[in-house]
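A.B. asks: My questions will all concern the structure given below.
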Amino acid sequence: MGFCFFSTAAIAALYARAQYRLRRVAVVDFDVHHGNGTQDIFWADADLFYGSTHQMPLFPGTGAASERGVGNVWNAPLRAGDGGEAFRGAFEGRILPALDRFGPDDLKTCVMAIFNPAVAPGHPERPSRRLLQQVRNTPPSPPSATLAWRTGRLGRRQPRSCRL
């Protein structure tokens with residue numbers, strides 16, 4: 001059990017599949033915690049992709065790079081204190097190449113970038129801020145630069161088709 005009673009990312013992905021008749025749907029999760037519920041729901045379905053960068057070890061204790069599902073799960077765990085360079089290396093070296101090979105049907109509806117604002121940097125109830133503070137504050141980047149970089153890298157992905 002993780003933090004969510006309902007895996008909203010997985011629900012949204014399955015809804016996109018049903019509503020828009022998409023076949024291949026991807027979720028890219030960048031949060032301090034691993035999305036164990038989404039990973040579990042996607043685990044055995046080769047037409048669903050789950051990629052995650054997260055701090056490890058940290059609750060819920062899942063998200064090892066060796067957790068692969070049916071070749072559709074790509075985890076890139078980071079240590080507390082890893083900076084923006086390590087984050088970008090994990091994203092560029094592991095998550096994005098796997099996403100490109102997977103080839104979601106339509107980027108706008110298939111790739112959902114998940115960042116939980118309840119554990120965002122500076123939130124008073126955040127259980128562990130060290131990882132993302134380091135990622136955000138790695139010189140020479142201003143605090144928003146890594147988020148802008150990450151969003152831009154996802155936006156450059158080429159979908160297989162644009163049906164919507």
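A.B. asks: I need the full set of residues from region 27-73 which are more than 15 Å from Ala9 (Cβ to Cβ), in contact with a Leu (Cβ under 8 Å, 6 or more places away or on another chain) and of a type outside the set (A, V, I, L, M, F, W, C), in order please.
C.D. replies: Answer for region 27-73, where residues must be more than 15 Å from Ala9 (Cβ to Cβ), in contact with a Leu (Cβ under 8 Å, 6 or more places away or on another chain) and of a type outside the set (A, V, I, L, M, F, W, C): just Gln55.
A.B. asks: Identify, from the list Phe59, Phe42, the residue that is closer than 18 Å to Arg101 by Cα and either surrounded by 21 or more Cβ atoms within 10 Å (Cβ to Cβ) or more than 14 Å from the chain's Cα centre (by Cα) (or both).
C.D. replies: Of Phe59, Phe42, the one residue that is closer than 18 Å to Arg101 by Cα and either surrounded by 21 or more Cβ atoms within 10 Å (Cβ to Cβ) or more than 14 Å from the chain's Cα centre (by Cα) (or both) is Phe42.
A.B. asks: Ok, one more. Consider region 60-87. How many of its residues are among the aliphatic types (A, V, I, L, M) and over 13 Å from His34 (Cβ atoms)?
C.D. replies: Within region 60-87, residues that are among the aliphatic types (A, V, I, L, M) and over 13 Å from His34 (Cβ atoms) number 3.
A.B. asks: Among the residues of region 69-78, is there at least one that is under 16 Å from the mean Cα position of the chain (by Cα), more than 28 Å from Arg23 (Cβ to Cβ), surrounded by 13 or more Cβ atoms within 10 Å (Cβ to Cβ) and touching a residue at least 40 places away in the same chain (Cβ under 8 Å)?
C.D. replies: The answer is yes, given that some residue of region 69-78 is under 16 Å from the mean Cα position of the chain (by Cα), more than 28 Å from Arg23 (Cβ to Cβ), surrounded by 13 or more Cβ atoms within 10 Å (Cβ to Cβ) and touching a residue at least 40 places away in the same chain (Cβ under 8 Å).
A.B. asks: Same structure again: Considering region 86-113 alone, what residues qualify as being at pLDDT 85 or above, more than 17 Å from His54 (Cβ to Cβ) and surrounded by fewer than 20 Cβ atoms within 10 Å (Cβ to Cβ)?
C.D. replies: Residues satisfying the conditions are Pro97, Asp100, Arg101, Gly103.
A.B. asks: Residue under question is Leu48, and the condition is that it be crowded, with 22+ Cβ neighbours inside 10 Å and more than 18 Å from Ala64 (Cβ to Cβ); does it hold?
C.D. replies: It is true that Leu48 is crowded, with 22+ Cβ neighbours inside 10 Å and more than 18 Å from Ala64 (Cβ to Cβ).
The values are calculated or read from the model by the stated rules, or taken from the named source; none is laboratory data. Every value quoted in this text rests on a predicted model; they were computed, and no experiment measured them. Because the Cβ atoms are built from the backbone with ideal geometry, glycine has one as well, and the counts that use them run over all protein chains shown.
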